[in-house]
Amino acid sequence: MVTEPAVPDEAGTRPLADTQPPAGTLRLRGQTFAGRRYAVMGVINRTPDSFYDRGATYALEAALASADHAVAAGVDIIDVGGVKAGYGAHVDEAEEIRRTVPFVRELRDRHPGVVISVDTWRAEVGRAVAEAGADMINDTWAGADPDLARVAAEYGTGLVCSHSGGLAPRTDPHRVRYDDVVADVVSGVCALAERAVSVGVRSDGVMIDPTHDFGKNTYHSLELTRRLSELSATGWPVLVAVSNKDFVGETLQAGVTERGDGTLATLAVSAREGARVFRVHDVAAARAALDVVAAVG
């Protein structure tokens with residue numbers, strides 16, 4: 001693997017990236033997440049058609065109020081989304097930027113210490129939010145835009161490397177099959193993480209996400225949860241985004257608003273299996289559950 005020179009950052013120059021994973025260490029906005037320090041990532045969707053909140057935080061003031069509430073509840077990272085993950089109305093780059101950049105800019109001023117992540121697969125959106133103050137790019141579509149990693153390298157942001165089973169952004173799985181879903185995920189996310197570091201993303205800013213339900217059915221998502229330790233054993237910090245997802249609902253035969261208990265159970269199992277960052281809708285409940293897991297040790 002060829003390592004390219006790092007891009008200068010605000011401090012001058014950054015040393016060449018090391019392709020070795022950082023033994024689970026994650027550093028974002030001057031904070032180190034290591035050992036049993038679980039990071040709670042609160043979701044704020046700047047979309048009118050979110051599967052969960054149905055547009056409750058689409059308006060700027062509503063989104064800022066939600067962020068204030070999340071910070072008070074102990075959030076570590078706020079993840080901002082400008083496009084619904086699944087099927088829906090087309091959203092172009094300009095509209096995604098309009099939904100995310102003003103919010104990121106305001107949030108950065110309002111809460112200087114909170115880590116800001118933006119969920120996007122587009123390099124130009126990544127560039128715009130990084131310039132507005134985002135600390136991390138959450139690429140939930142597995143490098144669909146290969147330039148996104150270069151943007152993360154250029155601006156020194158963190159990067160989430162995910163697995164979508166080869167699906168294009170905003171498409172749902174249909175009769176998807178794997179010989180071994182966990183092996184496929186481990187191979188895919190590690191390859192993306194190594195590629196990211198090779199183009200200049202700092203190794204302690206990279207996370208891997210098995211990306212439950214993306215390119216997977218309920219059996220696959222349960223198997224990933226059961227064997228999550230195989231991802232944490234890679235040395236890359238593991239993010240799990242399981243909050244209120246369909247595999248929880250199908251397991252419990254529960255609607256979107258009835259999946260809270262199943263979500264907390266999945267978070268606890270994931271933490272015990274080595275996950276480090278947890279993307280959730282209910283920050284206070286997740287913080288409490290993960291604090292108990294950490295206390296048990």
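The values are calculated or read from the model by the stated rules, or taken from the named source; none is laboratory data. It should be emphasised that the depicted structure is a prediction, and the values quoted were computed from it without experimental measurement. Virtual Cβ from ideal backbone geometry, glycine too; neighbours counted across all protein chains shown. These accessible areas exclude ligands, DNA and RNA; they are computed on the full protein's heavy atoms, side chains included. Shrake-Rupley method; radii C 1.70, N 1.55, O 1.52, S 1.80 Å.
Before moving on, here are some points about what is shown:
- Options 176, 211, 267, ranked by Cα towards positive dipole end of the chain, top entry (Cβ charges): 267
- Dividing the summed -39500 (n - 2.57) terms of all DSSP H runs of n ≥ 4 by the residue count of the chain sets its mean residue ellipticity at 222 nm at -12000 deg cm²/dmol.
- Placing unit charges on the Cβ atoms only, positive for Lys and Arg and negative for Asp and Glu, gives the chain a dipole magnitude near 440 debye about its Cα centre.
- Applying the Kirkwood pairwise sum to the alpha-carbon positions of the chain produces a hydrodynamic radius of 18.9 angstrom.
- Unit Cα scatterers, Debye sum, region 69-174: log10 I(q)/I(0) for q = 0.16, 0.18, 0.21 Å⁻¹: -0.68, -0.85, -1.10
- For region 218-266, a simple Cβ point-charge model (Lys and Arg +1, Asp and Glu -1, everything else neutral) yields a dipole of about 120 debye relative to the Cα centre.
- Protection proxy ranking of 244-250, 207-213, by the mean of other Cβ atoms within 10 Å over each peptide's residues and highest first, is 207-213, 244-250.
- With all projection directions averaged, the alpha carbon convex hull of region 112-201 covers 6.2 nm².
- Packing, taken as the mean count of other beta carbons within 10 Å per residue, orders the peptides 167-179, 186-198 from highest to lowest as 186-198, 167-179.
- Under a Gaussian network description of the chain, with springs only between Cα atoms under 10 Å, the residue in 151, 269, 199 that fluctuates furthest is 269.
- Here region 190-231 is treated with +1 on each Lys and Arg Cβ and -1 on each Asp and Glu Cβ, and its dipole about the Cα centre works out to around 40 debye.
- Listed residue (167, 146, 197) projecting farthest to the positive dipole end of region 130-216, Cβ model: 167
- By accessible area, using a 1.4 Å probe on protein heavy atoms only, the chain has 52% of its surface on carbon and sulfur.
- Judged by the mean number of other Cβ atoms found within 10 Å, the most tightly packed of the peptides 281-288, 257-264, 125-132 leads the ranking 125-132, 281-288, 257-264.
- Semi-axes of the equivalent ellipsoid of region 216-297 are 20, 16, 10 Å, computed as sqrt(5λ) over the eigenvalues of the C-alpha gyration tensor in descending order.
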